[in-house]
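Derivation of every value follows stated rules applied to the coordinates shown; laboratory data play no part. These numbers were taken from a predicted model, which means no experiment stands behind them. Please note: Cβ atoms are built from the backbone with ideal geometry, for glycine as well, and neighbour counts cover all protein chains shown.
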Amino acid sequence: MTHPDGMAVAAEAPRPRRRRLTRAAIGRGTVPYLLILPVVGVLGALLAYPIYRLVILSLQKYTLFELIRHKGVWVGLDNFSSILHDQVFWHTVLRTVIFTVANVGLTIAGGLALALLLVRVSGWVRILLTSGLVLVWAMPQVVAVQVWYWMTNYQNGVVNYVLTQLHIGDFFQHDWYASTFSQLSLVTLLIVWGALPFVAITLYAALSQVPRELVEAAEIDGARPRRVFLDVTLPILTPVLLILTSLSILWDFGVFTQAYLLIGPSHITPGNYLMSIYLFQEGFQKADYGKGSAISIVMLVIVAALSFFYVRKMVRVGEVE
Amino acid sequence: MRLRVVAVAAMAVLLGLVAATASASPQRAQANKLTVWLQVDAQSGWPDVVAAANAQFQKDHAGWTVDVQYQNWGDHLQKFDATLAGGNTPDVIEMGNTEMVKYMAAGAFSDLSSFKSSFANSGSWLKGLAASGTYGGKTYGVPYYAGSRVVTYRTDAWNKAKIKKPPSSLAQFTAYAKKLAAANKSVKGFSPVYIAGTDWYFAMSFVYDYGGSIAKTQGGKWVGNLDSKQSIAGLTAFKNFFNVASKASKTSDENHPAPYDVYSQGGAASIIGPGWFSCCVGTKYKGVTAQFVMPSHTAGQAMPGFLGGSDLAVPAPSKNAALAADWIKDFTSTDAQRALQAKGNIPNATNLLGTSVNERAATRSWFVPAAKHWVDVENGNILRNMLAQILKGKLTVKQAAASASDNITSVLNGS
């Protein structure tokens, strides 16, 4: 619609009268704003106000003492500096980043593999697989944690039993919760297991968008399956993969329920903190709400930085379309 | 089309960024209703005592009702904090005795000193429990009941190992554990005495038995004391006893699995824990289960045990403090205490004490440091972590104790 040279347009179609601001024109001008008003209102109430409160709280000393009196004490950036000078914080950040990379990587790779498998298999196997995935998806997190805990139980865990029966080693009374690595590996397995259905089903849906004739054309040109996948399928999946990856980063970086419950409150120490658990221990267990707020703001910044690349790419992909 | 999908997804990402939800249970303060938070123990163990107190209260205060809401130990403090923020606190709350100090120091409870004389047996309350509800000389918590820890054992297994009666010293108990292990070699993973690796209540009993302590005050400051010679001797004795007696996980706590489950499945000849463990030993061993007081390393003495317990307090924002105190009076009457005692609990006053194993064990007891920040030591799992390190052999007792002790010093003196 727009012409690079506005003057030329004016010359081509001379309009003797300047457009008047009629009531109808004003009406037309405000309609879009009226239409987005509810969204702005809802976002303001749901996001802006809590964030505003969070920021205020993070600048105050607000512990149990202040909570009872409903009045915080202004301390400026003290909460932030105490976090940034806390060794535990930096170790936790590093641990959580590694944890997130592992979880997201395994989730996306596993989900993609499952989606590709779904395309290949016969109808009834696909139905069986999909129902399995949906069942996993439908299981509430807390219930899933309980089941996994039973399976890996020291006293009579079924995982220990099966591994022993398969002669993989003597896993009788093997303590899966003895080391941080082992604990977080179990949490990773649980999270990836729980996240696979969403990723796999979404990618499977996206795969159905890959035009059959494109694949066939590539195959006729002699492209091997690997090439077809890399040059035809993957580019079409890219937008969806970007969305899934950034969502997974958000979920996994801030994961709390599975980690806290599976590792167990009595096993939680600074040596195995993830960010959200660090936040929970400092903010809620120690009832230091000011510091807790500061930690959640720092978390927000880190997550934003982690997903910046993906969100930017996603927006670019959107613009091109 | 795809643009819209992308836009929607981008929105979802944005929303996901700030997934901060706050939930508070709405409970409007109703006229003429007293809200009481008790732990589920009362609901499952002695609902009749609660009902009797409510009936008495309603008889004395016509038109008032009592709303008893049952809570779990795991999250009741977080819920309580939320009500403190929202201004809809209960009128009476049951608190664990180790949880009291932090809240008393922050001014969360009403001073009940002026009502003290109206509570039954308040002149002879159990010292440890009364102390847990006192801060700066004022009474904020009314002792509710106590629980001590004893050894629950299978007489059939002990007889099979040719052991005639309970041990009178730690050394003898250790020798018995070896005998029990030898007699049950065929049972895989059998524990002569099942002890969870990070059961700090039991481990600290060794520390206090050898004259050590968790922390002490020095010049108005708290100093971790686990690195003292006596404490280290106690921790070493615990490690040695564990290695002989228990096949439990070195990193698990005393609730996962519940020791009585291991026992009822035939995995242990004895277990350590509260006296009420005898409730749940399973039908198979019901008839062959007995209890004794854990012996000290000094022959003939009892090992000091952790005295757990609960207090009842009135949150400061409650507008019905006098009525709340009156309900507490009804709920801690001598009759109510006798009923709790009949269920295997220790009553709140010395003049009510009987001669059960449980009550005998309460005569020599230890309690956590009365420091404002003690609960942070518990929630930070400092002691559990130390015990796991000691038992796994990753660190020597001395190293693990020194690091835990430093940690405790800094946490207890926190702002």
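Key figures for this structure:
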quantity: Of B:Lys79/B:Lys102; B:Lys102/B:Lys239; B:Lys178/B:Lys250, pairs whose Cα-Cα distance is over 21 Å; calculated: B:Lys102/B:Lys239
quantity: 5 angstrom amide H check on B:Gln69, placed H, neighbours 5+ away; calculated: B:Val36, B:Trp37, B:Leu38
quantity: Residue-by-residue Karplus 3J(HN,Hα) for the stretch B:214-227, coefficients 6.51, -1.76, 1.60, Hz, glycine and proline x; calculated: 6, 7, 9, 9, 9, x, x, 10, 8, 10, x, 10, 6, 8
quantity: Summed residue charge, Cβ within 15 Å of B:Ser310's Cβ, Lys/Arg positive, Asp/Glu negative; calculated: -3
quantity: Selection of chymotrypsin sites (Phe, Trp or Tyr not before Pro), the stretch A:253-320, meeting DSSP coil and at most 14 other Cβ within 10 Å; calculated: A:Phe256
quantity: Overall form of the stretch B:352-415 per C-alpha gyration tensor (a/c, 1.5; a/b vs b/c); calculated: oblate
quantity: Neighbourhood net charge (12 Å Cβ-Cβ; Lys/Arg +1, Asp/Glu -1) for B:Ser191; calculated: +3
quantity: Cα gyration tensor, chain A - rounded (a/c under 1.5), prolate or oblate; calculated: oblate
quantity: Relative contact order (%) - chain B, alpha-carbon pairs under 8 angstrom, separation at least six; calculated: 25
quantity: D (Stokes-Einstein, µm²/s), Kirkwood Cα radius, the protein assembly as shown, 0.890 mPa s at 25 °C; calculated: 82
quantity: Spherically averaged projected area in nm², based on the convex hull that wraps the Cα atoms of the stretch A:19-58; calculated: 3.8
quantity: Inter-site label distance for A:His91 and A:Val42 at 7 Å from Cα along Cβ, in nm; calculated: 4.4
quantity: Virtual spin-label span in nm between A:Leu163 and A:Ser122, 7 Å along Cα→Cβ; calculated: 3.6
quantity: Amide proton proximity set for B:Tyr145, modelled H, under 5 Å, gap of 5+; calculated: B:Ser310
quantity: Environment charge at B:Val49 (Cβ cut-off 15 Å; Lys +1, Arg +1, Asp -1, Glu -1); calculated: -2
quantity: Dipole magnitude of the stretch A:78-320, debye to nearest 20 (Cβ charges: Lys/Arg +1, Asp/Glu -1, about Cα centre); calculated: 320
quantity: Sites matching trypsin sites (Lys or Arg not before Pro) across the stretch B:177-227 that sit in DSSP coil, with at most 15 neighbouring C-beta atoms within 10 Å; calculated: B:Lys185, B:Lys188
quantity: Directionally averaged projected area (convex hull, Cα atoms, the stretch B:121-264), nm²; calculated: 11.7
quantity: Intensity falloff of the stretch A:228-321 expressed as log10 I(q)/I(0), Debye formula with alpha-carbon point scatterers, at q = 0.15, 0.16, 0.18 Å⁻¹; calculated: -0.70, -0.75, -0.85
quantity: Whole-angstrom gap from the stretch A:268-321 to the stretch B:128-157, using each part's C-alpha centre; calculated: 41
quantity: Under-5 Å amide H pairs with B:Ala302, H placed in peptide plane, nonlocal only; calculated: B:Ser296
quantity: Whole-number percent relative contact order across chain A, with pairs defined as alpha carbons under 8 Å at least 6 apart; calculated: 26
quantity: Using a Förster distance of 25 Å, the FRET efficiency for B:Thr396-A:Thr180 (Cβ separation, nearest 0.05); calculated: 0.75
quantity: Phi-based couplings in Hz for the stretch B:57-66 (Karplus 6.51, -1.76, 1.60; Gly and Pro marked x); calculated: 4, 5, 5, 6, 10, 4, x, 9, 10, 10
quantity: Coil-residue chymotrypsin sites (Phe, Trp or Tyr not before Pro) of the stretch B:54-138, DSSP, other Cβ within 10 Å capped at 14; calculated: B:Trp73
quantity: A:Glu216 paired with A:Tyr33, simple spin-label distance in nm, labels 7 Å along Cα-to-beta-carbon; calculated: 5.5
quantity: Electrostatic dipole magnitude of the protein assembly as shown [Cβ: Lys, Arg +1; Asp, Glu -1; Cα centre; debye, to 20]; calculated: 300
quantity: Gain upon complete extension [B:Ala342, B:Lys33; 0.36 nm per residue less C-alpha separation]; calculated: 108.2 nm
quantity: Calculated SAXS-style log₁₀ I(q)/I(0) at q = 0.13, 0.15, 0.19, 0.23 Å⁻¹ - the stretch A:150-270, Debye, Cα scatterers; calculated: -0.74, -0.82, -0.99, -1.25
quantity: Three-way shape label, the stretch B:305-367, alpha-carbon gyration tensor, a/c 1.5; calculated: oblate
quantity: Per-residue HN-Hα couplings for the stretch A:40-57 [Karplus 6.51, -1.76, 1.60; θ = phi - 60°; Hz; x = Gly/Pro]; calculated: 4, x, 5, 4, x, 6, 7, 10, 4, 5, x, 5, 4, 5, 4, 5, 4, 4
quantity: At R0 = 51 Å, FRET efficiency that the Cβ-Cβ distance of B:Lys59 and A:Met151 yields, to 0.05; calculated: 0.45
quantity: Translational diffusion of the stretch B:209-313, µm² s⁻¹ [Kirkwood Rh, Cα pairs; Stokes-Einstein; 4 °C; 1.567 mPa s]; calculated: 79
quantity: Förster radius 22 Å - calculated FRET efficiency between B:Thr334 and B:Thr363, Cβ distance, rounded to 0.05; calculated: 0.60
quantity: If the convex hull is drawn through the Cα atoms of the stretch B:274-415, its volume per residue in Å³; calculated: 195
quantity: Above-threshold pairs, the threshold being 22 Å between Cα atoms, out of B:Lys33/B:Lys329; B:Lys329/B:Lys372; B:Lys127/B:Lys216; B:Lys165/B:Lys286; B:Lys33/B:Lys319; calculated: B:Lys329/B:Lys372
quantity: Two-decimal Rg/Rh across chain B, once Rg and the Kirkwood Rh are taken from alpha-carbon atoms; calculated: 1.02
